[in-house]
Amino acid sequence: MGARPPVAIVEHVLGEPILILAGDLDVRSTSELRAAVHEHIRVCGTDRISPVVLDISAVRSVDATALKVIAAASRQAQRYGVRVVLRGAQPAVRRMLHLTHLIRLIELEREPVPA
């Protein structure tokens, strides 16, 4: 069995700092996920106007533990006036958010309606 690829990559897209999460977010990646999300919020959450973006479009699967980590980080950031937004949630991730009722705690980025 090969080494697990990194869970998080920070990229600046058009000047907007985005934490790109990829692969499988599960109980095995919880500590790495927690560290990456909290660090990203700490560094990028100083501008309270723009949301802190977590891009999960490259996430293949997610479990409740990983979503709880994101929800807890989001809730903690809200205490300091910082919004955390998930970008690119695939249907399976959205389904898990609804099943775990964490959809109430995690904000999803609105996608534009096709013209």
Within the range 61-75, residues open to solvent by 10 Å² or more (accessible area, probe 1.4 Å) and out of contact with any helix residue (DSSP H, G or I) (no Cβ under 8 Å at 6 or more places or on another chain) come out as Ala72, Arg75
Selection status of Ala58, open to solvent by less than 60 Å² (accessible area, probe 1.4 Å), in contact (Cβ under 8 Å) with a residue 24 or more places away in the chain, part of a strand (DSSP E or B) and aliphatic (A, V, I, L, M) = yes
Ile49: passes all of (1) of a type in the set (A, V, I, L, M); (2) exposed (fewer than 15 other Cβ atoms within 10 Å of the Cβ); (3) modelled with pLDDT of 90 or more but (3)
Filtered residue count, the range 16-32, keeping only those that are part of a helix (DSSP H, G or I) and surrounded by fewer than 22 Cβ atoms within 10 Å (Cβ to Cβ) | 5
Extreme residue, surrounded by the fewest Cβ atoms within 10 Å (Cβ to Cβ), among residues of the range 77-114 that are among the small types (Gly, Ala, Ser) and in a loop (DSSP other than H, G, I, E, B) | Gly81
Could we say that Leu19 is closer than 18 Å to Ile103 by Cβ and touching a residue at least 24 places away in the same chain (Cβ under 8 Å) here?
-> no
Residue satisfying condition, being modelled with pLDDT of 65 or more, among the aliphatic types (A, V, I, L, M) and exposed (fewer than 15 other Cβ atoms within 10 Å of the Cβ), within set Val43, Val10 = Val43
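The values are calculated or read from the model by the stated rules, or taken from the named source; none is laboratory data. On a predicted model such as this, the values are computed, not experimentally measured, just so you know. As a convention, Cβ positions derive from the backbone with ideal geometry for all residues, glycine included, and neighbour counts pool all protein chains shown. With ligands, DNA and RNA removed, areas are computed over all heavy atoms of the protein, side chains included. Shrake-Rupley method; radii C 1.70, N 1.55, O 1.52, S 1.80 Å.
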